[in-house]
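The values are calculated or read from the model by the stated rules, or taken from the named source; none is laboratory data. Remember, it's a predicted structure, so these values are computed and weren't measured experimentally. A quick note on method: Cβ atoms are made from the backbone with ideal geometry, for glycine too, and the neighbour counts reach across all protein chains shown. Calculation scope for accessible area: heavy atoms of the full protein, side chains included, ligands and nucleic acids excluded. Shrake-Rupley method; radii C 1.70, N 1.55, O 1.52, S 1.80 Å.
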Amino acid sequence: VDAFQAWCGPCKTVVDLFRKIRNEVGSDLLHFAVAEVDSIDALEKYRGKCKPLFLFYAGGELVAVVKGANAPLLQKTILEQL
């Protein structure tokens, strides 16, 4: 989940990376979403951050968090979580 605030918008720089990985691993295993933290109470603790924030969930539980648009770290985290 790309957790963002309305004033900075979702992180567009990693969309291509997400598409590439999803094409490689298959769409059944991996799902991407964006969430505006200002409008979701459960994400309130992520408000006020200007860095992109990526939340990784498995089985409904938060399993990893990546701060910043670090493409190599995002790719590594995605593949490790799969």
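Amide H contacts of Y57 (H built 1.01 Å from N, in plane; Pro and chain starts excluded): V63 sit under 5 Å, all sequence-distant by 5 or more or on other chains.
Relative contact order of the chain: 34 percent, from C-alpha pairs under 8 Å at least 6 residues apart in sequence. The 3J(HN,Hα) values that the Karplus relation (6.51, -1.76, 1.60; θ = phi - 60°) gives for region 67-82 are, in residue order, 9, x, 8, 8, 4, x, 5, 4, 4, 4, 5, 4, 5, 5, 6, 6 Hz. Gly and Pro appear as x. For K20, the lysines whose Cα falls under 26 Å of its own Cα, not counting residues fewer than eight places away in the same chain, are K12, K51, K67, K76.
Starting from the Cα coordinates of the chain, work out the convex hull volume and express it per residue in Å³. Write out the running numbers ahead of the final one.
Values: hull volume 7.2 nm³, N = 82.
Per-residue hull volume (Cα only) is 88 Å³.
Modelled label positions at A71 and R19, each set 7 Å beyond Cα in the direction of Cβ, lie 1.3 nm from each other. Would you be so kind as to identify which of L82, V37, V14 lies farthest towards the positive end of the dipole of the chain, taking Lys and Arg as +1 and Asp and Glu as -1 on Cβ and the Cα centre as origin? Toward the positive end, the furthest listed residue is V14.
What number, rounded to the nearest 500 deg cm²/dmol, is the helix-based mean residue ellipticity at 222 nm of the chain, given -39500 (n - 2.57) per DSSP H run of at least four residues and division by all its residues?
On the way: 2 runs with 22 residues, N = 82.
It comes out at -8000 deg cm²/dmol, rounded to the nearest 500.
The residues of region 2-81 have, on average, 65 Å² of accessible surface per residue, using a 1.4 Å probe with all protein chains present. Looking only at region 2-81, where both bridge partners belong to it, what percent of the DSSP beta bridges are antiparallel (to the nearest 5)? So the antiparallel bridges in region 2-81 amount to around 75 percent.
Could you check how much of the accessible area of the chain is carbon and sulfur, as a whole percent, using a 1.4 Å probe?
On the way: 2840 of 5370 Å².
The computed percentage sits at 53.
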